[in-house]
Amino acid sequence: MSAFFRRRRGHRRWCHAHGALAILVALSLNLLPGFLEARVVLDEGQQAYDVLSLDILEDPQGALSREGAMASEAWHPYASRLGLPPNFGFSRSVYWVRMAVENRSARADWLLQVTYPSLDRIDLYMMDSAGLTQSTAGDSLPFYQRPVLHQSFLFRVRIPPGEARMLLLRFQTEGSHQYPIRILSQEAFWHADRLASLAHGVYFGIILILGVYNLVLFFMVWDRSFLYYFLYITGFGLILLILDGLAFEWLWPTFPWWQNRSLPFTIGWSFFWSLAFASKFLNTGHLSVPLHRMMRLLMGGMVLLAASSLVIPYFWSIHASAVLVISFSIVVLIASLHSVSRGFRPARYFLFAWGTLLIGVAVYSLKGLGVLPPHFLTDYSLQIGSAVEMSLLSLGLGDRMQTLQVDRERALGAASESRRLFQEAELRSSRLELELLKKNIEPHFLMNTLNATLFLLQEDPATAAALLGSLAAELRILLNVSGRPLISIEEEVELCRRHLIVMGMRHEARYEMELSGSMEGIKVPPLILHTLIENGITHGLQHRGFGVFRLQLRQTDGMVEIDLENDGMSGSSSREGGLGFRYISARLEEAYPGRWTFRSEPLPLKRGWKNRIVIPEGSVSRAGGAASKQEGSGRNAWNIEPKEHDV
Amino acid sequence: MRVLIVEDEAVAARGLERMVRDILERRVQSVRIERSLEGARAHLTDQPVDLVLLDLNLNGQDGFSILQEFVAGVFHTIVVSANTGRALEAFEYGVLDFVPKPVMKDRMQRALMRMQNGGERGGLTKFLSVRREEGAVLIPIDKLVFVEGADNDVILHLSDGRTERHRKTLDALEKILPAKFLRIHRSYIVDLEQIDHFRVRAGGRHEAVLRSGDVLPVGRSRYGEIRAMVADARSGAAERPAEI
């Protein structure tokens with residue numbers, strides 16, 4: 001019992017045929033088993049029709065022939081809700097669809113379009129005056145075998161005006177069974193296709209530009225984030241190209257084998273790089289070890305997916321990709337929330353971006369499930385969401401680059417600043433040491449001492465000899481200690497004593513140093529006390545025949561207090577006094593950075609001057625090691641002078 | 001000669017006195033030691049002094065501010081100092097000499113001889129110090145056109161028309177001014193570069209006419225020598241017949 005439509009003759013003018021047609025169609029349709037509701041009526045006024053009600057027959061084994069399908073009792077009507085196309089999810093079954101198309105318009109040529117490019121194979125059967133027409137299309141067939149070369153599936157349908165036809169479709173696919181069927185005129189198709197092409201152009205244009213831009217940035221900055229980002233968005237773009245059928249049409253039209261595996265493979269590829277990007281961007285290695293491990297695990301999963309998609313059936317690999325993509329979303333969301341909570345500013349862009357994409361995906365899924373109605377925003381939510389997401393990520397990359405740059409500069413600045421300060425202190429110290437040495441050995445001290453010695457030679461040779469001896473002793477110690485960062489206070493005191501002898505002879509005065517407190521274990525920078533003694537003699541004790549320096553040492557709480565008083569007035573107004581104080585400050589800062597104090601002021605009631613130096617105990621200082629190494633030789637040097645020269 | 005030694009160290013001061021007396025023998029009239037600046041000033045106010053031996057590093061003070069003050073005086077100043085780094089600078093102030101410490105007798109002798117002979121001329125002087133109320137002021141030598149001798153001091157005639165009084169005598173100044181300053185007359189020292197031409201007046205009076213228009217007399221005995229020196233220095237100033 002064939003249900004062929006007989007060729008109807010009659011007037012083409014629709015006004016005549018209208019009524020008779022209806023009856024005839026009804027009559028002929030009544031011949032079919034079951035009451036057929038699926039009917040599309042093509043009018044003049046409308047050029048595009050969504051087929052929302054049709055008859056469905058499930059063929060689980062896919063064994064039915066055309067005749068068998070037509071004769072089957074298992075047909076049942078299907079009417080979709082909310083204008084959504086039929087969707088039977090993932091199924092191994094074959095589905096047959098039939099619909100009646102009644103042409104009440106003046107045009108005979110129409111197109112039947114199935115806008116789900118992932119379907120493996122669609123067979124269209126139509127009976128007309130020429131007999132049975134069969135067209136086949138699908139993405140498991142080479143592209144150029146399609147009846148119409150387009151990324152979606154297009155079949156030419158010719159129904160003379162005023163007539164009706166029964167269309168039978170067989171859907172076979174490993175993926176999702178979605179049948180968005182439209183019947184439209186050539187003009188309508190052309191118009192819609194142009195719009196669609198424009199939208200595609202804009203979308204893929206955005207991806208292309210973002211990709212190229214970030215790739216260029218990578219080559220400029222060598223930050224791998226940009227490379228990962230580039231690989232991710234080009235991969236993602238490829239996914240959408242595949243989903244739209246454009247990849248098959250333009251990239252590999254003659255490789256349907258690959259076409260059928262391309263989606264899970266590209267998902268694996270793209271999301272692998274997406275994970276690499278997220279991981280680097282958020283610096284999960286330092287953020288959280290479990291998160292980082294999770295990401296690494298997922299990346300391994302993506303690799304597995306891509307590899308296995310080439311061998312295992314599409315049905316399983318596409319399920320696996322769905323699971324992995326969901327896991328990916330959850331992990332990335334958690335990671336970006338964590339990063340934001342840690343105060344990493346660019347992570348905010350990241351969170352926002354991923355949020356937008358997830359919203360796009362969610363909307364798309366909700367539309368698929370029928371929760372949300374079809375609308376431009378929901379139809380293209382995936383594209384919109386991903387375009388916004390990619391732009392935000394690009395912004396985030398820029399922000400991250402700037403943040404890292406600022407941090408890096410700040411760290412570098414701090415490091416170089418502290419290095420510079422130390423170098424400056426060292427330089428200042430060695431310069432002042434040199435100046436002090438010069439100051440002592442050259443002009444005033446040495447020359448004046450020699451001057452006095454020469455004059456004394458005429459008056460009192462014995463004293464002259466003693467003076468030379470003390471001068472030599474002082475110079476020996478001076479030369480020994482001045483290069484060392486720290487010396488024992490015994491050495492410093494000895495230096496001071498020699499100096500007092502020399503100056504006493506020059507001035508024909510008696511200068512003494514009294515010591516109280518223990519010298520044991522105390523270390524000081526060289527010439528600290530010597531400078532103060534010098535100042536004291538020069539400024540305070542000059543014209544008196546007698547001067548006393550009192551040195552007091554005290555150790556408390558890990559600090560050493562050194563008090564040096566003299567009973568003359570000393571001022572730092574002179575150039576050399578200022579130089580001396582700068583020398584002391586620089587040496588103290590070098591040896592005990594920030595942990596020393598030095599005060600020099602007149603004594604209140606008594607006529608006199610007081611200097612106080614407070615330093616940490618010797619073992620704490622940086623330079624302790626070097627000092628102790630040279631101490632032995634120092635002691636030897638100043639121990640060997642003959643005692644008779646002591647005055 | 002009356003000598004003042006300004007030195008704060010006892011041994012050095014004593015030694016210097018001994019050395020000066022040894023060198024000058026009977027030419028020295030008195031030697032005074034002052035151990036401080038205040039003491040030196042006080043002495044200079046009271047007593048006439050011909051020569052000052054000055055240690056710049058008195059009590060750690062800055063020698064050069066002291067020096068400025070001293071070179072404005074009528075006496076010659078010899079700096080005795082351990083810091084030879086600033087010797088050149090001292091010469092620019094117009095000291096007679098700079099003797100480094102430790103002081104060696106032959107070097108001091110040479111310095112003291114400058115006072116007598118004027119031997120080598122102090123080509124390094126760049127300033128003359130004049131005493132003003134506010135203190136000593138340095139006048140750059142390149143502003144000096146000529147020096148006129150007056151009663152107790154000299155008048156410095158400067159290129160901008162100003163004049164300043166300086167305590168030293170022309171004889172003393174001769175010893176410290178650069179070689180281009182010639183003593184053309186008992187009462188005049190002039191910068192020879194400022195001479196435009198010479199002329200002879202009736203009665204054998206020779207004159208030097210300066211670029212500025214000033215006319216200065218030239219000592220008869222010196223005329224020839226001076227003309228020769230000026231002629232050496234440049235193509236020669238023409239001698240024009242004077243108005244009669």
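For this structure, a couple of remarks:
- Within region B:144-179, the set of residues being open to solvent by less than 60 Å² (accessible area, probe 1.4 Å) and assigned to a loop (DSSP other than H, G, I, E, B) comprises B:Ala150, B:Asp153, B:Lys168, B:Leu177, B:Pro178.
- Matching residues in region B:81-99 - criterion: being crowded, with 17+ Cβ neighbours inside 10 Å and more than 20 Å from the chain's Cα centre (by Cα): B:Ala82, B:Asn83
- Failed criterion for B:Ala90 (all others in (1) within 12 Å of chain A (Cβ to nearest Cβ); (2) part of a helix (DSSP H, G or I); (3) at pLDDT below 90 hold): (1)
- Given (1) away from chain A (no Cβ under 11 Å); (2) at pLDDT below 90; (3) outside any helix (DSSP H, G or I), number of the condition B:Gln68 does not satisfy: (3)
- Restricting the first member to region A:189-205 and to residues that are closer than 18 Å to A:Ile239 by Cβ, and the second to residues that are open to solvent by less than 90 Å² (accessible area, probe 1.4 Å) and assigned to a helix (DSSP H, G or I), the beta-carbon pairs closer than 7 Å and six or more apart or on different chains are A:His200/A:Leu246; A:Tyr203/A:Gln383; A:Tyr203/A:Ala387; A:Phe204/A:Gly237.
- Filter result (surrounded by fewer than 21 Cβ atoms within 10 Å (Cβ to Cβ), at pLDDT below 85 and under 21 Å from A:His444 (Cβ atoms)) within region A:581-623: A:Phe581, A:Arg582
- Condition check for A:Glu491: in contact with a helix residue (DSSP H, G or I) (Cβ under 8 Å, 6 or more places away or on another chain) and buried (at least 17 other Cβ atoms within 10 Å of the Cβ): yes
- Residues in region B:22-48 that are over 24 Å from B:Gln68 (Cβ atoms), in a helix (DSSP H, G or I), open to solvent by 70 Å² or more (accessible area, probe 1.4 Å) and away from every other protein chain (no Cβ under 12 Å): B:Glu25, B:Arg26, B:Arg27.
- Yes/no for A:Leu64 being at pLDDT 80 or above and assigned to a strand (DSSP E or B): no
- Selection status of A:Gly578, within 14 Å of chain B (Cβ to nearest Cβ), modelled with pLDDT of 80 or more, over 16 Å from A:Ser482 (Cα atoms) and not in a strand (DSSP E or B): no
- Pair list, Cβ < 6 Å and 6+ apart or interchain, from region A:445-461 residues that are within 8 Å of chain B (Cβ to nearest Cβ) to residues that are open to solvent by less than 50 Å² (accessible area, probe 1.4 Å) and at pLDDT below 85: A:Met447/B:Ala82; A:Asn448/B:Ala82
Yes/no per residue for (1) surrounded by 12 or more Cβ atoms within 10 Å (Cβ to Cβ); (2) within 25 Å of the chain's Cα centre (by Cα); (3) not in a helix (DSSP H, G or I):
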| site | (1), (2), (3) |
| --- | --- |
| A:Glu187 | no, no, no |
| A:Leu195 | no, no, no |
| A:His200 | yes, no, no |
| A:Tyr203 | yes, no, no |
| A:Ile206 | yes, yes, no |
| A:Leu210 | yes, yes, no |
| A:Val216 | yes, yes, no |
| A:Phe219 | no, yes, no |
| A:Tyr229 | yes, yes, no |
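- A count restricted to region A:59-69 and to residues that are aliphatic (A, V, I, L, M) and open to solvent by less than 40 Å² (accessible area, probe 1.4 Å) stands at 1.
- Residue that is farthest from the other protein chains (Cβ to nearest Cβ) [pool: residues in region A:496-522 that are over 21 Å from A:Ile562 (Cβ atoms) and open to solvent by 50 Å² or more (accessible area, probe 1.4 Å)]: A:Arg510
- Of all residues making up region A:244-265, the number that are surrounded by 21 or more Cβ atoms within 10 Å (Cβ to Cβ) and free of Cβ contacts under 8 Å to residues at least 40 places away in the same chain: 2
- Any hit, region B:49-60, residues being touching a helix residue (DSSP H, G or I) at 6+ places or on another chain (Cβ under 6 Å), modelled with pLDDT of 90 or more, away from every other protein chain (no Cβ under 12 Å) and surrounded by fewer than 23 Cβ atoms within 10 Å (Cβ to Cβ): no
The values are calculated or read from the model by the stated rules, or taken from the named source; none is laboratory data. Everything numeric in this text was worked out from a predicted model, so none of it was measured. Note: ideal-geometry Cβ built from the backbone for every residue, glycine included; neighbour counts use all protein chains shown. Surface areas here come from the heavy atoms of the whole protein model, side chains and all, with no ligands, DNA or RNA. Shrake-Rupley method; radii C 1.70, N 1.55, O 1.52, S 1.80 Å.
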